[in-house]
Every structure is written in structure tokens, then in C-alpha cells.
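Here's a structure for you.
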Amino acid sequence: MKILKLNYLFILFSLLILFSCASDDDSVSEIEDTIRQENLKELGLSASDLLSEATYKSLTVELMYSSGYRPTQQTLDDFRIFLEERVNKPNGIIFIETIIDRPPGGSYTISEIKDIEAEKRTQYTEGNDIAVFIYFTHAKASTDTQSSVTLGTAYYNTSIVIYQQTLNDVSTSQNSDLYILEETTLQHEFGHLFGLVNILADDIHSDHEDNAHLKHCIIQDCLMYYKSNTRSYFRNRLSVPIFDPLCIEDLQAKGGK
């Protein structure tokens, strides 16, 4: 009887431990899911959060790439300046570089890019810090054709993919400066995270959006002009375009500089 009683107590104790561990794991998983939800929203919904200091006092940018696909140092240095000129983050801007093994495949759909992000992303919005994820991929966009290629895409509220191999190819074929392609593409896509142009139909100007090329600016010299994200735009291009006054006014209306 004593042996049976001891065995019963041991089994009960073991079950309690297992239940406790399972409950703890579930709680951690639920917390992680809650945190991640902040970074899985519609494009443009975090524009004010990125630009202003009302909710988030700092900005963390995770730059993810495989060996051989890191953007140029000049691109990263100028990107920091670009952000500092536009966002109000009194606690600063942090860049974190994440190097991953090269995933299989030579072209990706946005759905596949999202799957890679879900598996590899390490930085999420939490506390008073808002996090952005930028993936410089070795692959091409699945929609590329011989006459048209995608250089980059902003897809979630804090997520961007840059098709680094495509930028490398364009730079080589057109004898264009790689850093100009990188900076223009990166800053253009971040402009979409900022809500440009009229992403959520909340533009303060009635005639700012190019009706023939939605979500882009009508001003040809602007960073958000639709051609600034096309291959032909970079032929003989000697500098990176900047936001025009209309775009800057929109950013300021959302809490930016």
C-alpha cells in the first residue's frame, strides 16, 4: 500500500510539474504573440508612431542580410542621417545588424518574405521603443520580368524588403553607383512606412497623390515620385532624391520634423 501511495504521489507531482511547465510556455508564447502583433499591422498605420515622440521615444532598426548582401556603409551612414532629419526620437536611433544563413530559393513572393521575417526577425516594438525590420535579400521578387523588376517593397507597418541582388545587377548593367540605388530604394520604401503618399487616404493635401501611380507623389524630383523606384530612373543619376515640400508637410502633420 505504501508503494502504491508513493507511486500515486509521484505521478500526481509529475503531472503538476508538466502542467505548470506547459502553462508557463503558453504564457510566454502568448506574450510573444502580443508583442509581435504590433509589427503585423497594415502599411501606414504606424506612421505617426515612427515620426513622433508621443508614444515611442526611440527607434530600433533591424538590418537583416546574408553574407555578401550587406548594403554599403555609406548607405547605412546616410540612412541614419535621413532618419535623424525626420523622426522625433529623443532616446535615439539604434541599428542592429542580423546576419542569417542564406535561405533557399532564388525568388520570393511577399508571402514568402513574411514567412522569413516571422522566423528570423529578432527586434519587435516594445515599451517606449518602436522597431522596424529591413531585409536585404539575395533573391529577386517573384513578379520580376525581363522588362520590369522590383527594387524594394514596404509591406507591414514596420517591414521592408530590399532586393539587394537586383540592385547589384542594375548597378552593374547600367554602370550606376550602388549606394545611390540602395539609398534611394531604402529611403523611398521608408517613406511608405511614414504613410507617403496618401497610404491611408489621410493626406493633408488634396492634389499631392499621383492618380496615375497611386501612393506616389506628383512632383518629379521627389523621393516619392513613382519612377524613383524603377530601373530606368537610375541611368546617369548622380544623387539621391529628397522629399519635396508637400511630403515634408505631411510628415510634420504626423509628428515628424
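Laboratory data are not the source of any read-out in this text; all were calculated from the coordinates shown. Worth saying up front: this structure is predicted, and the values here are computed from it rather than measured. Heads up, the Cβs are rebuilt from the backbone with ideal geometry, glycines too, and the neighbour counts pull from every protein chain shown.
Could you work out how much longer the chain between ASP115 and ASN168 gets when fully extended? Use 0.36 nm per residue separation minus the Cα distance between them, nm to one decimal.
Here the segment from ASP115 to ASN168 would lengthen by 16.7 nm.
Points 7 angstrom from Cα along the Cβ direction at GLU85 and GLN252: gap in nanometres?
1.5 nm
A follow-up question, please. Please report, ordered by residue number, every helix of the chain (full DSSP H runs) that is 20 Å or longer along its axis going by C-alpha atoms and whose mean Kyte-Doolittle hydropathy reaches -0.5.
On the way: long enough: 2-37 (52 Å, 0.55); 178-193 (23 Å, -0.06).
Correct list, ordered by number: 2-37, 178-193.
Multiplying the sequence separation of ILE94 and LEU200 by 0.36 nm and subtracting their Cα-Cα distance, what value in nm do you get? Display every interim value, and only then the final one.
Numbers: separation 106, 0.36 × 106 = 38.16 nm, distance 2.74 nm.
Taking ILE94 through LEU200 to full extension adds about 35.4 nm, to one decimal.
I've got another one for you. I need the peptides 226-236, 44-54, 62-72 ranked by packing, meaning the mean over residues of other C-beta atoms within 10 angstrom, with the highest value on top. Write out the running numbers ahead of the final one.
Numbers: 226-236: 15.9, 44-54: 19.9, 62-72: 17.7.
Per-residue mean Cβ counts within 10 Å order the peptides as 44-54, 62-72, 226-236.
Quick check: pseudo-label points 7 Å beyond the Cα along Cα→Cβ at SER67 and ASN175, how many nm apart are they?
Calculated label separation equals 3.4 nm.
Hey, another quick one. Could you work out the helix-only [θ] at 222 nm for the chain, with each DSSP H run of four or more residues adding -39,500 (n - 2.57) and the total divided by the number of residues, to the nearest 500 deg cm²/dmol?
Details: 7 runs with 100 residues, N = 257.
Computed ellipticity for the chain at 222 nm equals -12500 deg cm²/dmol.
Of all DSSP beta bridges located in the range 120-257, what percent are antiparallel, nearest 5?
Numbers: 6 of 13 bridges.
Taking every DSSP beta bridge with both residues in the range 120-257, the antiparallel ones total about 45 percent.
Follow-up question, since we're still on this one. Can you give the relative contact order of the range 159-257 as a percent, counting alpha carbon pairs under 8 Å and 6+ residues apart?
Numbers: 105 pairs, mean separation 27.3, N = 99.
Taking the mean separation of contacting Cα pairs over the length of the range 159-257, I get 28 percent.
Cα-Cα over 24 Å: which of LYS114/LYS227; LYS120/LYS257; LYS120/LYS140; LYS57/LYS140; LYS57/LYS227?
On the way: LYS114/LYS227 26 Å; LYS120/LYS257 32 Å; LYS120/LYS140 19 Å; LYS57/LYS140 35 Å; LYS57/LYS227 34 Å.
From LYS114/LYS227; LYS120/LYS257; LYS120/LYS140; LYS57/LYS140; LYS57/LYS227, over 24 Å: LYS114/LYS227; LYS120/LYS257; LYS57/LYS140; LYS57/LYS227.
Separate question: What list of ³J(HN,Hα) values in whole Hz, one per residue of the range 195-205 in order, does the Karplus curve 6.51 cos²θ - 1.76 cosθ + 1.60 (θ = phi - 60°) give from phi, with Gly and Pro shown as x?
So the J values, rounded to whole Hz, are x, 8, 10, 6, 4, 9, 6, 10, 4, 7, 10.
Peptides 153-159, 138-144: what's the order by average Cβ count within 10 Å, highest mean first? Please report the intermediate quantities before stating the final value.
Working: 153-159: 22.0, 138-144: 17.6.
Sorting 153-159, 138-144 by mean packing, highest first, produces 153-159, 138-144.
Only bridges with both residues in the chain count here: give the DSSP antiparallel percent, nearest 5. Provide the component values of the computation, followed by the final result.
Details: 7 of 32 bridges.
So the antiparallel bridges amount to about 20 percent of the total.
A further question on this structure: So how far, in whole Å, is the C-alpha centre of the range 88-149 from the one of the range 208-247?
23 Å
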